[in-house]
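The values are calculated or read from the model by the stated rules, or taken from the named source; none is laboratory data. Predicted, not measured: the structure shown is a model, and the values here were computed from it. No Cβ is skipped: glycine too gets one built from the backbone with ideal geometry, and neighbour counts run over all protein chains shown. When the accessible area is computed, the model is the full protein with side chains, heavy atoms only, and any ligands, DNA or RNA have been set aside. Shrake-Rupley method; radii C 1.70, N 1.55, O 1.52, S 1.80 Å.
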Amino acid sequence: MALQINAATFTGIDGITVNVEVDISKGLPAFNMVGLADVSVKESKERVRSAIINSGFTFPINRITINLAPADLKKEGALFDLPIAIGILAATHQISIDSIDEYIIIGELSLNGSLKKIKGALPIALKGVKEGINKIIIPTDNSKECCIVKDCSVFPFDNLSQVVDYFEYKDSLPYKYEEPPIPENFEFDFSDIIGQESSKRAIEVAASGGHNMILFGPPGSGKTMMAKRIPSILPPLSYDESLEVTQIYSVCGKLEDNNLIFKRPFRNPHHTSSQIALVGGGSKLIPGEISLSHNGVLFLDEILEFKKSVLEVLRQPLEDRVIKISKATGSVTYPCNFMLIASLNPCPCGNYGSNKECTCTEYERKRYIGKLSNPLLDRMDLFSFVNTLTYEEITKGKKSESSEDIRKRVIKTREIQSERFRKDGLYCNAQMDQKHIKKYCELTSDANKIVKSLYNKFKVSTRAYSRILKVSRTIADMNESEKINQIHIIEAMQYRKFIDEKII
């Protein structure tokens, strides 16, 4: 009779339960594995054989058949080593199988029987709880990330022998990890920024509502310096947001200290990055930078140095906040709800619009800026010019506000939005769609007149119009105003001015 063990794998950031069926019968010695297993799974035969023998148990000299069900799902990775080994030991009566169906068992075995860390343990734990299997046996190195799942009983072990002893004696309690979150310490602070008050105000608006933003100006004016300080004013992640981010980093194997991520991600890819590096994909359909910056910031420094084809792939993720990657081998969907912050020079020499002489021709400048298509610019919420400081501003400029002071205001504004969207499943104003804009962006009569006048005068697109209302809603929240007033609309429109004072 075949023995069944509960195991699991993952696709994207979603866990999938897999039944490991073990059958040992008489016949010529053989170890067959079926169920659409890739090379890394099939190689587990030798790992399992050596681990069982080196742990002091007997490996059967019989015909062994392992089936990984469902058979139409491709299985990858080494996380099936442990359930296969447990199944063989149980089928040969070397281990008690009482209540074994209450557990999900995953782990990679080394040749000496020790358990190694695996990828994707967190989404597997979440899937187990969802399906009513809330006990999970995992390698010790995955214990911290799994124990953050509510209602999940985590049993971490170092080697195969410990797992066998547990099933024999049931003498271990679920792992508990109650260390408080580490306070967020930021390397950069806004108190280092001299002047640039208008840009700092625009950054605060962007952070308060989760809006996309472009900083443009001459080289050395402080664009990158300010962008790198944006994480220091963002509110901490909520539990649900942390769980989403940690799942992504878990399946990538990028978890530091195997712990829940409380700090908002900040990703800064180089301009030579490919489309796959940016949005994800490849042979294993891995997440890209836009997913690794989920619930955080994606900073594209010198965005005009990126290939135009690479930038254009951002259009759909910026709108939908998810990315679906499809190949012949399958498809996955990753979340990518991020703030896009970009910096650029207004022309090839970088001096256009500043107090320095620009040496570029009109054709060269337009061709340079042309890498940013109108549909992509439409998806940006704020534009802020960063000018070069004068000598007097550098030497006699007053000390700037600290990130802590700005962050308090940002958190207060985000709390207003959390209360507003508590039934809508949104976190900030930037995530509103048309039905939310219609419901929550109520304008006064004077504000409505200004919007109508500006819309007709500058002929902005419908998408840009929606984004103006979202930014206005954020500014109104910063002023604790229930309705959007004309002053909020005027400030939001000021942030739509790009190069040549053109309204985008």
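Some notes on this structure:
- You can think of it this way: the chain between L111 and D158 has 15.6 nm of extra reach, that is 0.36 nm per residue less the Cα-Cα gap.
- Cut-off under 5 Å, modelled amide H: who pairs with F10 long-range: I16
- Ignoring aspartates and glutamates fewer than eight residues from K75 along the same chain, the ones with Cα atoms less than 15 angstrom from its Cα are D14, E21, D38, E43, E108.
- The solvent-accessible area of L318, taken with every protein chain present and a 1.4 Å probe, is close to 10 Å².
- Taking a ≥ b ≥ c as the square roots of the eigenvalues of the Cα gyration tensor, segment 30-141 is rounded, since a/c falls below 1.5.
- Of all DSSP-defined beta bridges confined to segment 288-345, some 60% are antiparallel rather than parallel.
- These residues, Y427, Y440, go from largest to smallest accessible area, 1.4 Å probe, as Y427, Y440.
- If you take the alpha carbon atoms of segment 64-215 and fit the smallest convex hull around them, that volume is 199 Å³ per residue.
- Net charge over other residues, Cβ less than 15 angstrom from the Cβ of I100 (K, R count +1; D, E count -1): -4
- Only helical runs count toward this figure. For the chain, summing -39,500 (n - 2.57) over DSSP H runs of n ≥ 4 and dividing by all residues gives -10500 deg cm²/dmol at 222 nm.
- Once you reduce segment 69-123 and segment 259-289 to the center of their Cα atoms, the two points are 30 Å from each other.
- Put a plus charge on the Cβ of each Lys and Arg, a minus charge on the Cβ of each Asp and Glu, and nothing anywhere else: the dipole of segment 34-122 about its Cα centre is then about 300 debye.
- To the nearest ten degrees, helix 44-54 and the longest principal axis of the Cα atoms of the chain are 60 degrees apart.
- For segment 177-305: rounded, prolate or oblate by the Cα gyration tensor [a/c cutoff 1.5]: oblate
- Point-to-point label distance, K398-D23, nm (Cα→Cβ direction, 7 Å offset): 8.1
- Relative contact order of the chain, defined on C-alpha pairs under 8 angstrom at six or more residues apart (%): 13
- Antiparallel bridge percentage (DSSP; both residues within the chain; nearest 5): 50
- Gain in span if fully extended, S198 to Y166, counting 0.36 nm per residue against the direct Cα distance: 5.3 nm
- Packing order of peptides 168-174, 471-477, 124-130, highest average first: 471-477, 124-130, 168-174 (average count of other Cβ atoms within 10 Å over each peptide's residues).
- The overall shape of the chain, judged from the alpha-carbon gyration tensor, is prolate: a/c is not under 1.5, and a/b is greater than b/c.
- Neighbourhood net charge (14 Å Cβ-Cβ; Lys/Arg +1, Asp/Glu -1) for D158: -1
- For segment 1-83, GluC sites (Glu not before Pro) meeting the loop criterion (DSSP other than H, G, I, E, B) and having at most 15 other Cβ atoms within 10 Å: E43.
- For segment 416-477 versus segment 290-360, the inter-centroid distance based on Cα atoms is 23 Å.
- Sparse-neighbourhood loop sites, trypsin sites (Lys or Arg not before Pro) in segment 53-93 - DSSP loop, at most 15 other Cβ within 10 angstrom: K74
- Accessible surface ranking for T246, T333, 1.4 angstrom probe, highest first: T333, T246.
- Applying a 4.7 Å Cβ-Cβ cutoff to the chain, the cysteines left without a disulfide-compatible partner are C146, C147, C152, C252, C336, C349, C358, C428, C441.
- Cross-link partners of K399 among lysines (Cα-Cα below 17 Å; sequence separation of 8 or more within a chain): K200
- Heavy-atom accessible area for T329, with the other protein chains in place and a 1.4 Å probe, reaches approximately 100 Å².
- With the whole protein complex present, C349 retains an accessible surface near 40 Å², based on a 1.4 Å probe.
- C-alpha long axis of helix 239-252 to longest principal axis of the chain, angle in °: 60
- Out-of-range pairs (alpha-carbon distance over 20 Å; input K412/K452; K135/K176; K324/K439; K74/K119; K116/K254; K119/K284): K412/K452; K324/K439
- Only Lys, Arg, Asp and Glu carry charge here, each on its Cβ (+1 for the first two, -1 for the last two); on that basis the chain has a dipole of about 1840 debye about its Cα centre.
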